[in-house]
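Trainee: Take this structure, written in structure tokens, and hold onto it; I'll ask about it next.
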Amino acid sequence: MSKSALQVARAAYQPKLPKALKGAVKIQEGNPTQSVADQDAIKGLFPNTYGMPLIKFVEGDEQAYEPMNVGVILSGGQAPGGHNVISGLFDGIKRLNKDSRLFGFLMGPGGLVDHKYMELTADIIDEYRNTGGFDIIGSGRTKLETVEQFEKGLQILRELNIKALVIIGGDDSNTNACVLAEYYKAKDYGIQVIGCPKTIDGDLKNDMIETSFGFDTACKTYAEVIGNIERDCNSARKYWHFIKLMGRSASHVTLECALQTQPNVTLIGEEVEAQNQTLDDVVTYIATIVAARAAKGMNFGTVLVPEGLIEFIPAVKKLIAELNDFLAKNAAAFAAVPAAQQRQYVIDNISAANAAIYASLPEGVARQLSLDRDPHGNVQVSLIETEKLLSEMVGKKLSAWKAEGKYVGKFAAQHHFFGYEGRCAAPSNFDADYCYSLGYTASVLIAAGKTGYMSSVRNTTAPAAEWISGGVPITMMMNMERRNGEMKPVIQKALVKLDGKPFLTLKQNRETWANDTCFVYPGPIQYFGPSEVCDTTTKTLQLEK
């Protein structure tokens, strides 16, 4: 395989580790834990893995470990640094015993069920260190949720003499990991299950998981391109750029990119919901800023839009909730209706209030809200072209204002959606180090005999040597939510905190950024050069810590 000069240079990069993981390790156990909500329900569903203590690793005395075979799965969408989690896991189990072996299940959890796997040896691992993507074993979105799947997985785990399975994924994937850990523990099968926190959306975090891996790199990648667009915007001075960013259920990516690039308009879904804004309120807000800049001769600007914005508008959120339940129960009947009549079929069969909102939406958006759900029963909001919807509605409002003499200017829009561009970027120094530490931590959790834990690395705004490594029970992060018409245990999503420093920093500056042109051009991710350029964490982490 031919390699670029960057790939060759990055292959030589040695990720940094917390001091406690550089030698022999011992465990410090904290207090018993409980779930963030719905304690009785979660405890009832996870009696064998509920209430376990928090774990911290500290320097200890050398001890001998038996060789162990470990399985690893990449689950869900890609995020920069996944290969380094696997590299850290591999190096960790090899340090414990050089005869330990690592097996990768191919194309996600489905590889476990279908018995498709490969052994990951040193020569394979070395090809993928510090690279982006999940292509070492591929990924997939198969849900692990049935006894049949668990038992089929057990067959191959027994055949390969695998002691523990590491599932690298987001909140839904780690929920599945917890369900699997509980099942194998209840059956006394002797198979451990460990999770690793992945998602570029940044919504898998809490006091013990300070950030999900890939968020740092993805935001730097998007911010670079947003900066390029801002530079073009400020050069041509004739376009408003509506930029939609990843973040189905939370606006962390949009907030972080705003802090890095200082656009004219930043929409935060959580704020829209808290203020009970309508779609027209959002459009009026943008149009007001466009008009104010036009009055000063500036017919250009940038608008950042979170992918899931439409779900945060309270009236639309209620509509989507009813649509989710309705389509889950009537999927076959809906599919049998001719496409041209599906919109009317929905209107005729949901509540009057939601039917009125649904009927008021542009045809394209209404159709996108009725499309197939993802495997977890959610609207596929990435398919909804919110950036085009907003610019179209802003344009109409400005035309009406112009007719009334309230607006003098020209409005022309360009549209962008940055999603896949950031998911497989080569990991930043932070993500390379963080992911390697997460994988290495997972190896120590396995050696300690733990199951139902997520790998945790904290104190991440300090130098890597001072990071704190350990484990957090997955049940600690769970609550009950409605999925596909039923209440299910899931990891609670971390939303943007409107009283948190990152959002308050945006709020403090947004009026200045709206009225003036304060664009910042972060430039490309830097790997080599001054530490203040190469080794910075996200502004979100800096402000939070």
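The values are calculated or read from the model by the stated rules, or taken from the named source; none is laboratory data. Everything quoted here is computed from the prediction, not taken from an experiment. We place every Cβ from the backbone using ideal geometry, glycine too, and count neighbours over all the protein chains shown.
Trainee: Got a number for residues in segment 183-199 being among the charged types (D, E, K, R) and in contact with a strand residue (DSSP E or B) (Cβ under 9 Å, 6 or more places away or on another chain)?
Mentor: So the count comes out to 2.
Trainee: Where in segment 246-334 are the helices (runs of 4 or more DSSP H), entirely inside, with at least 2 residues that are in contact with a strand residue (DSSP E or B) (Cβ under 7 Å, 6 or more places away or on another chain) and at pLDDT below 95?
Mentor: Those helices (runs of 4 or more DSSP H) do not exist here; none qualify.
Trainee: Could you please let me know if residue 442 is touching a strand residue (DSSP E or B) at 6+ places or on another chain (Cβ under 7 Å), assigned by TED's automatic domain parsing to the domain that holds residue 301 and part of a helix (DSSP H, G or I)?
Mentor: no
Trainee: May I ask you to verify whether residue 171 is within 24 Å of residue 306 (Cα to Cα) and either modelled with pLDDT of 95 or more or more than 24 Å from the chain's Cα centre (by Cα) (or both)?
Mentor: no
Trainee: What are the residues in segment 234-251 that are over 11 Å from residue 308 (Cα atoms) and surrounded by 22 or more Cβ atoms within 10 Å (Cβ to Cβ), if any?
Mentor: 240, 241, 242, 243
Trainee: Among the numbered conditions (1) closer than 30 Å to residue 193 by Cβ; (2) at pLDDT below 95; (3) crowded, with 17+ Cβ neighbours inside 10 Å, tell me where residue 420 comes up short.
Mentor: Failed condition: (3).
Trainee: For residues that are within 19 Å of residue 318 (Cβ to Cβ) and in contact with a Lys or Arg (Cβ under 9 Å, 6 or more places away or on another chain), scanning just segment 257-282, find the one that is surrounded by the fewest Cβ atoms within 10 Å (Cβ to Cβ). Give the derivation first.
Mentor: Of all residues in segment 257-282, those within 19 Å of residue 318 (Cβ to Cβ) come to 269-282.
So of that shortlist, the ones also in contact with a Lys or Arg (Cβ under 9 Å, 6 or more places away or on another chain) come out as 270-271, 273, 280.
Working: 270: 19, 271: 18, 273: 17, 280: 12.
If we take residues in segment 257-282 being within 19 Å of residue 318 (Cβ to Cβ) and in contact with a Lys or Arg (Cβ under 9 Å, 6 or more places away or on another chain), then 280 is surrounded by the fewest Cβ atoms within 10 Å (Cβ to Cβ).
Trainee: Shifting gears a bit: I'd like the residue in segment 490-510 that is among the polar types (S, T, N, Q) and farther than 22 Å from residue 217 by Cα and, out of all such residues, is surrounded by the fewest Cβ atoms within 10 Å (Cβ to Cβ).
Mentor: Looking at the filtered set, the residue picked out is 508.
Trainee: When you look at residue 353, is it part of a helix (DSSP H, G or I), at pLDDT 90 or above and farther than 25 Å from residue 494 by Cβ, yes or no? Break it down stepwise before answering.
Mentor: Values: part of a helix (DSSP H, G or I): yes; at pLDDT 90 or above: yes; farther than 25 Å from residue 494 by Cβ: yes.
Yes: the conditions hold for residue 353.
Trainee: So the check is Cβ under 8 Å with 6+ separation or different chains; which pairs have a first residue in segment 95-114 that's closer than 16 Å to residue 76 by Cα and a second one that's hydroxyl-bearing (Ser, Thr, Tyr) and in a loop (DSSP other than H, G, I, E, B)?
Mentor: Going by the 8 Å Cβ cut-off, the qualifying pairs are 107/139; 108/139; 108/142; 109/142; 110/142; 113/142.
Trainee: Can you give me the number of residues within segment 283-298 that are of a type in the set (D, E, K, R) and buried (at least 16 other Cβ atoms within 10 Å of the Cβ)?
Mentor: Selection size over segment 283-298: 1.
Trainee: Quick one: in segment 480-533, of everything that is part of a loop (DSSP other than H, G, I, E, B) and among the charged types (D, E, K, R), which residue is farthest from the chain's Cα centre (by Cα)?
Mentor: Looking at residues that are part of a loop (DSSP other than H, G, I, E, B) and among the charged types (D, E, K, R), I get 516.
Trainee: Would a scan of segment 511-526 turn up a residue that is exposed (fewer than 15 other Cβ atoms within 10 Å of the Cβ) and of a type in the set (A, V, I, L, M)?
Mentor: no
Trainee: Residue by residue through segment 234-245, note down the ones that are part of a strand (DSSP E or B) and either of a type outside the set (Lys, Arg) or not assigned by TED's automatic domain parsing to the domain that holds residue 312 (or both).
Mentor: Step one: filter segment 234-245 for residues part of a strand (DSSP E or B), giving 240-245.
Once the filter is applied, which keeps residues that are part of a strand (DSSP E or B) and either of a type outside the set (Lys, Arg) or not assigned by TED's automatic domain parsing to the domain that holds residue 312 (or both), segment 234-245 yields 240, 241, 242, 243, 245.
Trainee: Follow-up question, since we're still on this one. In this structure, does residue 481 turn out to be without any contact (Cβ under 8 Å) to a residue 12 or more places away in the chain and either crowded, with 20+ Cβ neighbours inside 10 Å or farther than 21 Å from residue 172 by Cα (or both)?
Mentor: So residue 481 does not fit the description; no.
Trainee: Take the residues in segment 1-45 that are among the polar types (S, T, N, Q) and farther than 30 Å from residue 487 by Cβ, then tell me which one is surrounded by the fewest Cβ atoms within 10 Å (Cβ to Cβ).
Mentor: Here the answer is 2.
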